[in-house]
Amino acid sequence: KAAQGEPSCDEGFSFAYGPANFGFCYVSLEEREGLNLQRIRVDGRKVGFSDESLRDALAAMEEIMERRVPVTVTYDVRNVPTPSMKHVREGLKWAGEHKELLDEYIQGITVILNSWVLTKLANFVLSVLKPPQPTKICRDEAEAIAFLWAKCQTARSWGGGGKDAPRRGKTA
């Protein structure tokens, strides 16, 4: 049984990586019944960011992405304190440096939030990054899963090459 506030495996999914605790968030890779692709989950916690914890969480994301398997990503930031602009810039820089890898393997993005401040910040980040993948801001896990099920079941390249060839991983 998971500790209070820690992600747990309920019926219908299992962890392929983690959950790894970085203080302000847990990062995991899960296989969920009903979804063809594995999903990276970043589950926020009510703990402040530090430079080191953010770098460690981004390194975990990179480790998962280096598997070079099509995935979706869910950022559940309902419990995250508003990050500093320094940390937002560091996250944006990381995403820019890894754009090719992210566009090749991320098949869809959901952001779960419940704060107007974080909604504004999420919209800002999405407007800067302009991800080519299907993206949705959601209110809860059920809405995120429904979106991923409806829009993100088939692997394709979202990079500049426009390749639609299926790769490793389950495809519809």
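The values are calculated or read from the model by the stated rules, or taken from the named source; none is laboratory data. The structure displayed is predicted, hence computed values, not measured ones. Positions of Cβ are generated from backbone atoms using ideal geometry, with glycine treated the same way; all protein chains shown enter the neighbour counts. In case anyone asks, the SASA skips ligands and DNA or RNA and just uses the protein heavy atoms, side chains included. Shrake-Rupley method; radii C 1.70, N 1.55, O 1.52, S 1.80 Å.
Quick notes
- Boolean, LEU121 is hydrophobic (A, V, I, L, M, F, W, C) and within 14 Å of the chain's Cα centre (by Cα): no
- Test: residue in the range 138-149 that is open to solvent by 40 Å² or more (accessible area, probe 1.4 Å), modelled with pLDDT of 90 or more and basic (Lys, Arg): yes
- Selection status of ASP43, buried (at least 17 other Cβ atoms within 10 Å of the Cβ), within 15 Å of the chain's Cα centre (by Cα) and acidic (Asp, Glu): yes
- A search for C-beta distances below 7 Å between a residue of the range 1-29 that is modelled with pLDDT under 90 and any residue that is of a type in the set (S, T, N, Q) and in a strand (DSSP E or B), counting only pairs 6+ apart in sequence or on different chains, returns PRO7/SER28.
- Single match in ASN114, ASN123 (criterion: part of a loop (DSSP other than H, G, I, E, B) and within 21 Å of SER84 (Cβ to Cβ)): ASN114
- On inspection, PRO70 fails the criterion of being touching a Leu at 6+ places or on another chain (Cβ under 8 Å) and open to solvent by 20 Å² or more (accessible area, probe 1.4 Å).
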